[in-house]
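One structure is given here, and the rest of the page talks about it.
Just so it is clear, none of the values below were taken in a lab; they were calculated from the coordinates. Here the structure is a predicted model, which means the values were calculated and not measured. We place every Cβ from the backbone using ideal geometry, glycine too, and count neighbours over all the protein chains shown.
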Amino acid sequence: MTIKLFIQAITKFLFGFILIGLLIFLPAGTLSFFNGWLFMGILFVPMFLAGIVMMFKNPDLLKKRLDAKEKQREQSTVIKLSGLMFLAGFIVAGLDFRFGWLTLPKGVVIGAAIVFLAAYILYAEVLRENTYLSRTIEVQENQKVIDTGLYGIVRHPMYSVTLLLFLSMPLVLGSIYSFIIFLSYPFIIAKRIKGEEKFLEKELDGYREYKQKVRYRLIPFVW
């Protein structure tokens, strides 16, 4: 661990916490938004704990996860579309609460929170299995194809996990209208996966054989 990495991680964490808090609570018009605090808790507490673990046990992985600058133009567009989805989804969730458009039952909210936390555990497992993971599409020095564990079920388990995470977010916030906005994510991530696989076929030895071994990209028996 280095002081520079620590400062970078804490700065990004605090920035994310403040930004998402503003996007949710400002449109809601109040801090008395239980679903908002529930979401902030299940999102940022595990994130903080995972960051501490990575900082001491695998700082190189943490550094790669903090590097979010996408070099490929097409993939940069995908990142921007995802950002727009989050922006619209969080704002609509806050407005939904403020104006009482449609309130989801508590059972749905609690169920979504459980799915979210379960997805977080799977997220940690993916990071454990594949230490080459970064937030940008690249092939690193001495990188090998991972084909065990979750990677033996689907070729992109990280995206499978984010699918669960992102689709449960608006339900935790109690907003069906926000959920409709987040339904754009599968289409956004499908575009990223197709571009990523073209890149990996060219740059990563053994990836073509891996594709033949593991048929499904994102969802078993579906796609």
Selected from Lys211, Lys80, Lys63 as most flexible by GNM, with the chain as the system and alpha-carbon contacts under 10 Å: Lys80
Of (i) 18.1, 54; (ii) 20.2, 59; (iii) 40.6, 148, which is the value of Rg and Dmax of the Cα atoms in Å derived from the coordinates here? (i)
For the charge dipole of region 3-213, defined by +1 on Lys and Arg C-beta atoms and -1 on Asp and Glu C-beta atoms about the Cα centroid, which residue among Ser168, Thr103, Phe13 has the Cα displaced farthest towards the positive pole? Phe13
Test of understanding: in a Gaussian network model of the chain with alpha carbons linked when under 10 Å, which of Phe56, Phe44, Phe90 would top the mean-square fluctuation ranking? Phe56
Could you compute the FRET efficiency for Leu22 and Ile153, with r as their C-beta to C-beta distance and R0 at 41 Å, rounded to 0.05? 0.60
Using a basic spin-label model with each label point 7 Å from the Cα along Cα→Cβ, how many nm lie between Glu203 and Lys12? 1.8 nm
Given only helices, namely DSSP H runs of n ≥ 4 each adding -39500 (n - 2.57), what is the per-residue ellipticity at 222 nm of the chain, to the nearest 500 deg cm²/dmol? -24000 deg cm²/dmol
Subtracting the Cα-Cα distance of Phe99 and Gln143 from 0.36 nm times their residue separation yields 10.8 nm
For the cross-link pairs Lys80/Lys191; Lys144/Lys202; Lys144/Lys211; Lys80/Lys106; Lys80/Lys202; Lys12/Lys57, which exceed 22 Å when the distance is taken from alpha carbon to alpha carbon? Lys80/Lys106; Lys80/Lys202
Simple spin-label estimate for Ile110 and Ile3 in nanometres, 7 Å along Cα-Cβ: 4.8 nm
Take Met47, project a point 7 Å from its Cα along the Cβ direction, then tell me which residues of region 83-108 have their backbone nitrogen under 20 Å from it. 83-95
